[in-house]
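Notes follow once the structure below has been shown.
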Amino acid sequence: MSGPDPSAPARRGSAVAIGVFDGLHLGHRAILERALARARAAGVRSVVMSFDPHPDVVLARERFHSPPPLTPLGERRERLAAMGIDAFDVLPFTRELASLEPEAFVDRHLVGPHAPVALVVGEGFALGRGRSGNVERLRAIGGMRGFEVEAVPLVVLDGAPVSSTRIRALLAEGKVAETTRLLGRRYTLRGTVVTGDGRGRELGYPTANLRLYEDRVVPADGIYAVLARLGDEPALRKAAMSIGVRPTFDGALRTLEVHLLDWSGDLVGRPLEVEFVDWLRPELRFENAKALIAAMDRDVAETRRKLAGVS
C-alpha cells in the first residue's frame, strides 16, 4: 500500500496534526480523527507532521539509548493512509529545529508548506525553544497567521492516560491482550520467513522463523496465541508463537518462531505478519525434548482455545 505523499499537489490550505505518533494508539487516533474532521469540514487537505529521530534522542542531556519504535515509519505511513490522511510530513529532528522560536517554526514548517486553517495537537503538546510553543502560545501565533489551534484531551482508560510508554511497559511484560485495548487494534510484527535450524520440525511442530523488516518493540520472551497472515492473503491463520532463546537447547540467539495450526508447506522467503492475541506462558527450560514436546502439545491446545471465535 502506498502512503500519503507530502509532495503531492496541495489543495488550498490544510488541517495539520503534529506529534511523534509512535504506536498510533487511541490517544493518537483522537488527535488524528479531529484533524481529519477539521479538514473535511473546511474542504482542505489533512496533513500529519512528525519527527525522526524521536526528539528525546536528540535532546537527551546524556547518552541516550534510543528504544525501537512501536510502529516504524513505513508502517505508520501505511496506517495513516488507511485512515484517510492525505500527507505525512516527517521532519528530520535536530537541535537546530528544536532551538527555533515557535513563531519561526510555524512560519517555516507550517504556514509555508501547508497553509493551515487548523492545527490539532494533544493538550500537553509544545514545540520550539525550551518547549515554549505550548498550546496557549500556538493559539496566539495562529490568531495572527489565520489558523485555529485545537487541543485534544488525553484519552484515559482504566484510570490512566493511554500512552506509548504505557504500551511499551505492557509489551515488556507480555501483556499483549491489554495493549490491544490501548492501541485499538492488535500489536503486530511484520517480516520475512528465513531458514531456521529445523528444530521445530524435528519435534513435530515446524515453525516459520521470522526476520523483522524493521527494528521495533518485540514483546517479552514467552509463548503467545497469535493470528498470522501469509503475504497478501486476506485471511488470518491461527498460530502459536515463541519468542526467546530456546533454553532447553542452550540457545543464545533470540528468535521469533511461528507455528501455523493445521497448515504445512514451505514458507521461506514469504512475507509474514503476526497479530498478538494473548499470552500463554513464559519461556521455560525443560529437562529434555520429550518434556518440551508435551508442553508444546499443551500450548497448541491452549492456542486453539484462546483463538476460538477470534478473527
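The values are calculated or read from the model by the stated rules, or taken from the named source; none is laboratory data. Every value quoted in this text rests on a predicted model; they were computed, and no experiment measured them. Note that each Cβ is placed from the backbone with ideal geometry, even for glycine, and that neighbours are counted across all protein chains shown. With ligands, DNA and RNA removed, areas are computed over all heavy atoms of the protein, side chains included. Shrake-Rupley method; radii C 1.70, N 1.55, O 1.52, S 1.80 Å.
Quick test for you: out of Leu189, Leu210, pick the one residue that is at pLDDT 95 or above and under 27 Å from His28 (Cα atoms). Before you say what the answer is, go through the steps one by one.
Working: Leu210 fails: under 27 Å from His28 (Cα atoms).
Every option except Leu189 fails the conditions.
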Query - Positions within segment 93-142 being closer than 13 Å to Val16 by Cβ, touching a Leu at 6+ places or on another chain (Cβ under 8 Å), part of a helix (DSSP H, G or I) and of a type in the set (A, V, I, L, M), in sequence order - result: Val106, Leu110, Leu138
Query raised in the report: For Glu78, all conditions in the list (1) open to solvent by less than 60 Å² (accessible area, probe 1.4 Å); (2) touching a helix residue (DSSP H, G or I) at 6+ places or on another chain (Cβ under 8 Å) hold save one; what is the number of the exception?
Result: (2)
Query - Filtered residues of segment 109-127 (kept if free of Cβ contacts under 8 Å to residues at least 60 places away in the same chain and either in contact with an Asp or Glu (Cβ under 6 Å, 6 or more places away or on another chain) or surrounded by fewer than 15 Cβ atoms within 10 Å (Cβ to Cβ) (or both)) - result: Gly112, Glu123, Gly124
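Say we look at segment 41-63 and pick out the residues that are assigned to a helix (DSSP H, G or I) and either touching a residue at least 40 places away in the same chain (Cβ under 8 Å) or in contact with a strand residue (DSSP E or B) (Cβ under 8 Å, 6 or more places away or on another chain) (or both); which of these is farthest from Phe93 (Cα to Cα)?
Within segment 41-63, the first condition is being assigned to a helix (DSSP H, G or I), and the residues that meet it are 41-42, 55-59.
If we keep only those that are either touching a residue at least 40 places away in the same chain (Cβ under 8 Å) or in contact with a strand residue (DSSP E or B) (Cβ under 8 Å, 6 or more places away or on another chain) (or both) too, we end up with 42, 55, 58.
Details: Ala42: 30, Pro55: 6, Val58: 7 Å.
Checked segment 41-63; the qualifying residue farthest from Phe93 (Cα to Cα) is Ala42.
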Query - Residue check for Ala301: open to solvent by less than 50 Å² (accessible area, probe 1.4 Å), more than 17 Å from Ala220 (Cβ to Cβ) and small (Gly, Ala, Ser) - result: no
Query raised in the report: Applying the selection to segment 265-301, what residues are farther than 24 Å from Arg190 by Cα, in a helix (DSSP H, G or I) and among the acidic types (Asp, Glu)?
Result: Asp297
Query raised in the report: Restricted to segment 269-298, and to residues that are under 25 Å from Thr71 (Cα atoms) and of a type in the set (Phe, Trp, Tyr), which residue is surrounded by the most Cβ atoms within 10 Å (Cβ to Cβ)?
Result: Phe276
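Counting only residues that are closer than 20 Å to His25 by Cβ and not in a helix (DSSP H, G or I), how many does segment 68-92 have?
Going through segment 68-92, the residues closer than 20 Å to His25 by Cβ turn out to be 68-85, 88, 90.
Cutting the leftovers down to not in a helix (DSSP H, G or I) gives us 68-72, 84-85, 88, 90.
Summing the residues that are closer than 20 Å to His25 by Cβ and not in a helix (DSSP H, G or I) in segment 68-92 gives 9.
Okay, residues lined up against (1) in contact with a helix residue (DSSP H, G or I) (Cβ under 9 Å, 6 or more places away or on another chain); (2) within 26 Å of Gly74 (Cα to Cα):
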site: Arg216; (1), (2): yes, yes
site: Pro234; (1), (2): no, yes
site: Gly265; (1), (2): no, no
site: Arg270; (1), (2): no, yes
site: Pro282; (1), (2): no, no
site: Phe286; (1), (2): yes, no
site: Ala294; (1), (2): no, no
site: Thr303; (1), (2): no, no
Query raised in the report: Taking segment 128-144 as the search range and keeping residues that are more than 13 Å from Phe105 (Cβ to Cβ) and aliphatic (A, V, I, L, M), which one is most open to solvent (accessible area, probe 1.4 Å)?
Result: Met144
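Restricting the search to segment 143-166, which residues are in a helix (DSSP H, G or I) and free of Cβ contacts under 8 Å to residues at least 60 places away in the same chain? Before the answer, list the steps.
Initial filter on segment 143-166 (in a helix (DSSP H, G or I)): 143-145, 164-166.
The answer is Gly143, Met144, Arg145, Thr165, Arg166.
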Report task. Kindly provide the set of residues from segment 262-309 that are without any contact (Cβ under 8 Å) to a residue 24 or more places away in the chain, closer than 20 Å to Glu178 by Cβ and either acidic (Asp, Glu) or touching a Pro at 6+ places or on another chain (Cβ under 8 Å) (or both), ordered by number. Result -> none
